[in-house]
Each structure stands twice: as structure tokens, then as C-alpha cells.
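Only one structure is covered here, and it is reproduced in the block below.
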Amino acid sequence: MRHLIILNQKAGKEKDIKAFKEEIEEAFKGLEYEIYYTEGPRKVIPFLKEYLAKHKDETVRVYACGGDGTIHEVVNGLVDAKNAELAIYAVGTGNDFVKIYSKSNDYNDIVKNKTGEARFKNFKDLINGKVQEIDLSKVTGPSLEEPWYSVNVVNFGFDAIVGAKGNINKAKGIKNPYGPRAIIPAILGGRFNRIIVKADGKQLNKKRLLMSAVAQGQWVGGEYHASPKSDNTDGLMDVTLLRCMSLMVLMMKFFTPYRLGQHLDNPKLMKKFEYARAKEVVIISPKKDIDICVDGEIIRGKTFKVEVMPKAIKFVIPNN
């Protein structure tokens, strides 16, 4: 087996690259491994496709070391590669995808040793992990040059608007980019979105929605348990859609249950939700381009189709 470590040096709140390299050298001693440093948005995708084609006769375990953005890009580079396995060493801020595998919410994350120095947990549990096939969601649309693949959640509406505005603020160097400067514009203009959603041909809403998610994983935004019933091995996508409401009702009745993942088991709250499991979801914005959030990355367009890809990649579950 060949081991390929994809390292995003910018991920995480605390970084000690020298210590990280020492961990790699110790963990992979005697094994055949390489390190690739990410060079910019989506640059790792063509590299992975070329690398996996070059080593098509070998099993390549690819270690995505970074946050949800790094994981998303690595996944997009592994699609259709029969010889690839995905292992995740989560050192991001939100680490949304891996939460479904870790009750403690610290899946392989950065820890501090007894002296207070930032250190990384070792790779041994990933090297010795077992492989399980998991589903992906394939996103296509007229505005995309090629398909995007989601391992976690495709969401749109209010929260995607916050994410898109936050990305703009981050590029401008604004502190706390996803805070009030992103949330207030979404509150003012993003609670009554003209978007129609169809799940396996059935239209779930009439003209507007507050927000919606098409999920393989369960978590978004670092703390919101948006799709608590999702199972990324069942060959289906979980679709949740929240109808429009006043800001007061949203904050007082829906915000906390949604954050905690309690909304789908509450009959009163479900009067404002539509919930479905589907193999294909169509998203239509009749009048203008909208922001769609794919595993935290923003794309824009009027029409998108999301299709399930059962057992699309091999995922390494840590030995522990």
C-alpha cells in the first residue's frame, strides 16, 4: 500500500508544522509515503487524479489533513479512482463531516501535551483503520463547468447567504467574517428565498423557503446538527426544508432545536419543515442566481441537480 498525505498548512486554530512532520515521520516509518502541500483552491483535485492514475495498480491511502474545505477537495479528486482510500486527519475549525464518527467532537484533532505545546495525535489509528464504502452527492448545473461532489451537506437559503457573505468579508480581512457583518445582511434579505425544491420529482414547497439542506453527513457550520437522521451508507440523501417565518419565531422556537438536532422529532416544529429521503433533488431559482454551499464551498447559479452516488468512495474509519 502507498500512503499519500495531503497537508493544508493553513488549517486549524493552532499549528505546529514541525511537530506535525515529526509525527508523520514516526508514524510512517518503514512505510512508503509522500507529502503534498495544498497550493490553492481546487489545485489538489487534478494532482490527485493524475497521481492515482499513475499508481493505478496500487492501493493508495490518501490522508486529508485539514478542515472541511480540504476534505471536500480531496474527495473530488478521488471520485472514480478504484484504487483510492480516504483517511481524514481533521485539523480544521468546524470539522463537520467527521462528527458523525466521533461523539466527543474531537476526531483526530489537535491536542496539547503536558507542557502546553500544540501537538497532533498520531496517525496509527488511520494507518490501521478499516475501510467502509460511503455515498457521495453529485452536484451539476448550467453554471458549473464540471460536477462538484459532496461528502457532507449541500445547503442553500439563509445559511448559505451567511456563508457567501462571510467569504467576502474574509477576503477583505475583516475580523469575525461570519459574525454580524454576514448574519445581518442575511436576516434583512435572506429569509424569504424564491427557491423551489423537488425530491425524486415531488415538489416540497410552493414558492419560497427559509433554508434547506441535502445531506450525506449531519452537521454544518461547526455546531448545527442540521440533518440528524442522515446515513451516508443507505444510498439516499436526506432533504430538510424549513419554510419562511418571522425572525422572532425563528430565534425563539427553532434556533436551539435546529442547532441541537432535535427538530425532526418534534411534531410541532415539523409543521414548518419538509423532510424527505431521495435519490435525486432538483433546486430551482426562477428569477436570479443563488448561493449554494457544497461542504462549505460556495457556488452560484439558478438551477442545480443533486444525485446520490452510492458507495462512491472508500472511507477509512480509525482503529479506535
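The values are calculated or read from the model by the stated rules, or taken from the named source; none is laboratory data. Predicted model, so just to flag it, every value in this text is computed and none were measured. Heads up, the Cβs are rebuilt from the backbone with ideal geometry, glycines too, and the neighbour counts pull from every protein chain shown.
A compact table of results
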read-out	value
Selection status of Arg191, in the same structural domain as Gly166 (by TED's automatic domain parsing), of a type in the set (Lys, Arg) and surrounded by fewer than 19 Cβ atoms within 10 Å (Cβ to Cβ)	no
Lone unmet requirement of (1) among the small types (Gly, Ala, Ser); (2) loosely packed, with under 13 Cβ neighbours inside 10 Å; (3) over 20 Å from the mean Cα position of the chain (by Cα); (4) at pLDDT below 90 for Ser104	(3)
Complete set of residues in region 220-242 that are at pLDDT 95 or above, touching a helix residue (DSSP H, G or I) at 6+ places or on another chain (Cβ under 7 Å) and charged (D, E, K, R)	Lys229
Test: Phe304 is surrounded by 19 or more Cβ atoms within 10 Å (Cβ to Cβ), under 19 Å from the mean Cα position of the chain (by Cα) and farther than 20 Å from Asp159 by Cβ	no
Helices (runs of 4 or more DSSP H) completely within region 12-85 that count 3 or more residues being modelled with pLDDT under 95 and surrounded by fewer than 12 Cβ atoms within 10 Å (Cβ to Cβ)	17-27
Close pairs (7 angstrom Cβ cut-off, 6 or more residues apart or separate chains): of a type outside the set (A, V, I, L, M) in region 128-140, surrounded by 14 or more Cβ atoms within 10 Å (Cβ to Cβ) and not in a strand (DSSP E or B) anywhere	Gly129/Pro318; Asp135/Gln216; Asp135/Asn232; Ser137/Gln216; Lys138/Pro147; Thr140/Pro147
Checklist (1) surrounded by 15 or more Cβ atoms within 10 Å (Cβ to Cβ); (2) more than 13 Å from the chain's Cα centre (by Cα); (3) outside any strand (DSSP E or B) applied to Gly217, failing item	(2)
Test: residue in region 176-190 that is at pLDDT 90 or above, under 20 Å from the mean Cα position of the chain (by Cα) and over 30 Å from Glu32 (Cα atoms)	no
Hits in region 135-189 - residues which are in contact with a Pro (Cβ under 7 Å, 6 or more places away or on another chain) and within 30 Å of Lys314 (Cα to Cα)	Asp135, Lys138, Val139, Thr140
Of residues in region 123-167 being of a type in the set (Asp, Glu) and at pLDDT below 95, the one farthest from the chain's Cα centre (by Cα)	Asp125
Meets criteria (charged (D, E, K, R), modelled with pLDDT of 95 or more, in a strand (DSSP E or B) and assigned by TED's automatic domain parsing to the domain that holds Lys288) for Lys198	yes
Sole exception among (1) in contact with a Lys or Arg (Cβ under 9 Å, 6 or more places away or on another chain); (2) surrounded by fewer than 19 Cβ atoms within 10 Å (Cβ to Cβ); (3) not in a helix (DSSP H, G or I) for Ile183, by number	(3)
